[in-house]
1. If a residue must be under 20 Å from A463 (Cα atoms) and either among the charged types (D, E, K, R) or open to solvent by 60 Å² or more (accessible area, probe 1.4 Å) (or both), how many such residues does segment 406-420 contain?
2. Against the condition aliphatic (A, V, I, L, M), open to solvent by less than 50 Å² (accessible area, probe 1.4 Å), under 19 Å from the mean Cα position of the chain (by Cα) and closer than 19 Å to E244 by Cβ, how does A271 come out, does it pass?
3. Within segment 345-377, track down each residue that is over 11 Å from W395 (Cβ atoms), hydrophobic (A, V, I, L, M, F, W, C) and either in contact (Cβ under 8 Å) with a residue 40 or more places away in the chain or surrounded by 22 or more Cβ atoms within 10 Å (Cβ to Cβ) (or both).
4. Sort through A376, A399, A422, A368 and tell me the only one that's assigned to a helix (DSSP H, G or I) and farther than 20 Å from A336 by Cβ.
5. Tell me which residues, restricted to segment 525-550, are without any contact (Cβ under 8 Å) to a residue 12 or more places away in the chain, in a helix (DSSP H, G or I), open to solvent by 60 Å² or more (accessible area, probe 1.4 Å) and farther than 13 Å from A496 by Cα.
6. Please identify the pairs in which a residue from segment 242-270 that is assigned to a helix (DSSP H, G or I) has its Cβ atom under 6 Å from the Cβ atom of a residue that is open to solvent by 60 Å² or more (accessible area, probe 1.4 Å) and not aliphatic (A, V, I, L, M), counting only partners at least 6 apart or on another chain.
7. Residue check, A232 against (1) buried (at least 22 other Cβ atoms within 10 Å of the Cβ); (2) more than 24 Å from G156 (Cα to Cα); (3) touching a residue at least 24 places away in the same chain (Cβ under 8 Å), all met but one. Which one?
8. Look at segment 566-581 and say how many of its residues are open to solvent by 50 Å² or more (accessible area, probe 1.4 Å) and either closer than 11 Å to L536 by Cβ or in contact with a Leu (Cβ under 8 Å, 6 or more places away or on another chain) (or both).
Amino acid sequence: MIAENGVVADDEPAGGPQLPHARQGQSFEDELAAREEGALEARYREAADAGDPGAASLLGAMLLRRGALDDAEPYLRRAATEGLRAGANNLGVLLHQRGHAVEAAQWWREAAVGGSAPAAHSLGLHLREQGDLPGAEYWLRQAAEQGHTHAAFALGDLLEHRQESAGAEKWFRVAAEVGHQEAAFRVGLLREAANDTEDAESWYRQAAARSHGPAALRLGAVVEARGEREEAARWYRAAAQAGEPGAACALGFLLRDSGDEVGAADWWREAAEAGDGNAANALGTLHADWGETEMAEQWYRTALGLGEVSGAYNLGLLCVGSGREAQAEQWYRQAAYAGHREACNALAVMLLDRGDEPGAEPWFSKAAEAGSADAAFNLGILHERRGELPAAHQWYARAAAAGHAEAALQLGVAKERRGDLASAAARYRQAAEGGSVEGAFRLAVILERREDDGGAERWYRAAAEAGHGRAQVRVGVRAAERGDTEAAERWYRIAAEGGSRSGAFNLGLLLDSAESSESRLWYMRAAEAGHGRAALRLALLAARAGDLGAARAWCSRAAELGPEGVTARAERLLDALRATA
């Protein structure tokens, strides 16, 4: 009898086929499947040899899947010549495997024109490889619109290559919704690029749940950024187990940031031994932090051997730390010539310290052009030293735009010198918020002038707590003005012990008013540090105590130190002391 597909269907005995015992090492189910396939092949071959093109197509496909290309080709050619789309498509696959791409494309085109989605997909991929993107798009779209999952993905990939993100996402979604892992991952990437992290995460989860390594890695990064370290670690481990490069390294960074440096080292070592240069470099840095410089150097060299140029830069840092300047320069140069921007900046600093400004400037420029805010700031300093203020301010502005707090401070100083206090305050605020202590102090000064007491207090205190002596004095003065002498004394004492002569003088005044014998000690410390008013105060105290020699000496010192008002008072007191001598 003839089945609907044209293939002869042999009748079997009612009791079914008699099966031999399964071969050793082969399951009963495998043996059964092999017998059934053998019987099916025999029926297809009998029908095909009798002239049935449908059977020839099916037999050719079976042989093609088995890799028996020589046996398959005549059957597929016969089916294709008879106009069977499946035969033409599979003949194209066979010819492509044999390297006959042109003839393969001809048969794919014939099948695709006849409505074969697999052939249209294969033809689209072939045309893409040949650089015919419009033709590739046409045939991939034909296949995708017929529901061919791989064609939908390939179409999305082509559109993404042309930077048509909306179209790419549409077709990636089509493929992802029927289980294509890579398509789900790519939708996630597109959504993350569009700042839709929530939707991106759902697609990463879909792909990662099907053991997609890159998706698991990205999912780990997303949940880590949200602070969910335990879940991030699970996904990094899943990515590492899936063989995803970079997953073990990422897990190492996560463990390090969680305080588990030993665990981090284990994962970085595994990643480094698998060829991850970034992990080898991180392992070197960890050993350097532990004080194990020999081991650090070994891993930095390993990183460099794996193509991680940061290894050369870090070798330079190690050499600087051990006083090997010449070797450090060699490593910096190697990294700098490879485009490592921080190495460019470090090399420039080294040359500048040596007095080689012409040699340093090109390296600063190279680093700055690569995005180094430090290098842009250093270029600003170079130009300012030469009196080239417009160029200096351009580089400071570039560095400040990249978040360099000290560059913002320099721009604020320049604005303040020109009397533009509004712009100066804006730059000082940028500097202060970026961690510049001087920026915080200068911002507080401007806010105090504007009678913004709350803002002034906030930034004076921020600078004071970061160790800024003048800010500590100002916080003390403001506390004293409020009548909080305890707080005032605390801040004056902190400033004075940190070397502030104004802090020492104010502390002396505060203690003097409380009739403390300690006050004279702080006046002396302030005067010895060059504080004119403190010297004058000591002269008055000595005169009151009848020690005229000491009084005259402190008067002379006060007159030398100034400022002008102190000098005038000291000279008058000195004249009076001389008159009584």
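1. Restricting attention to segment 406-420, the residues satisfying the condition of being under 20 Å from A463 (Cα atoms) are 406-413, 416.
Among the residues that remain, those that are also either among the charged types (D, E, K, R) or open to solvent by 60 Å² or more (accessible area, probe 1.4 Å) (or both) are: 406, 416.
Adding up the residues that qualify gives 2.
2. In short, yes.
3. If the condition is that a residue be over 11 Å from W395 (Cβ atoms), hydrophobic (A, V, I, L, M, F, W, C) and either in contact (Cβ under 8 Å) with a residue 40 or more places away in the chain or surrounded by 22 or more Cβ atoms within 10 Å (Cβ to Cβ) (or both), then A346, L347, A348, A360, W363, A367 are the ones that fit.
4. Every option except A422 fails the conditions.
5. The answer is R544, and nothing else.
6. That search, which allows pairs on different chains as well, returns A248/E270; C249/N278; A264/R256.
7. Here A232 clears every test but (3).
8. Qualifying residue count, segment 566-581: 5.
The values are calculated or read from the model by the stated rules, or taken from the named source; none is laboratory data. Note that the structure is predicted; figures quoted are calculated from it, not measured. Using ideal geometry, Cβ is built from the backbone for each residue, glycine included, and neighbour counts are taken over all protein chains shown. Remember, those area values only see protein heavy atoms, side chains included, never the ligands or the DNA or RNA. Shrake-Rupley method; radii C 1.70, N 1.55, O 1.52, S 1.80 Å.
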